[in-house]
Amino acid sequence: MDWVIVSGIVVTIILLVGILIKLVRDNSVLKVEMKALADEVYLGNNRLFKYYVSIKKDTKYIYDRMVQEKLLREILFQNTPKAGEIIDKMDLMKEVVLQNSTLTQEVTRLEVENSSLSSRNFNLERQLQAYPLLRKIHGQLDSLESYCNTEETQELLKRVKSKLSELTN
């Protein structure tokens, strides 16, 4: 055999081994990623299952309460001649309770809105109190342009600085 052919075969074998090693590494990385995704899906399924069980329990509770109410109504009709009036009053009371809860939610929402508006109003009042002081400072700065003596200018600047610190506090 020729040395060129042998060296070509050896280089090809080395390249194939290198590719094989790279593929093995890639496969191991993919296996780790697949395991992480599988664990994530498993945790998600557990959360969904717990949520499903909770909904199922709630639905069963509501169904049991409805069946109980139906049985109680039947017993009431059997034992009381004025059962229709009693049930109408019970239904009316239930409606009042529902409307009361709706009104309570509305009152809570309005209280929150009122408190936010009050805080905005307070901020606006603070800003309005600051405007006269700012106008006074502006006037002093305008009069500063007419001063020639630097000591008087520095004294005026100190007063302006103190008033600005009052404004920020």
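The values are calculated or read from the model by the stated rules, or taken from the named source; none is laboratory data. Since the model is a prediction, treat every value here as computed from it, not as a measurement. We place every Cβ from the backbone using ideal geometry, glycine too, and count neighbours over all the protein chains shown. Each accessible area value is taken on the protein alone, full model and side chains, heavy atoms only, with ligands, DNA and RNA left out. Shrake-Rupley method; radii C 1.70, N 1.55, O 1.52, S 1.80 Å.
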Mind checking which residues of region 73-87 are open to solvent by 100 Å² or more (accessible area, probe 1.4 Å) and within 48 Å of the chain's Cα centre (by Cα)? Glu85
What single numbered condition from (1) under 43 Å from the mean Cα position of the chain (by Cα); (2) at pLDDT below 90; (3) among the charged types (D, E, K, R); (4) open to solvent by 100 Å² or more (accessible area, probe 1.4 Å) fails to hold for Glu125? (4)
Note: among Tyr42, Tyr52, just one is at pLDDT below 90 and open to solvent by 100 Å² or more (accessible area, probe 1.4 Å), namely Tyr52
Residues in region 87-131 that are closer than 30 Å to Ile75 by Cβ and of a type in the set (Val, Ile, Thr) total 3
The residue that is modelled with the lowest pLDDT, considering only those in region 1-19 that are loosely packed, with under 10 Cβ neighbours inside 10 Å and not β-branched (Val, Ile, Thr), is Met1
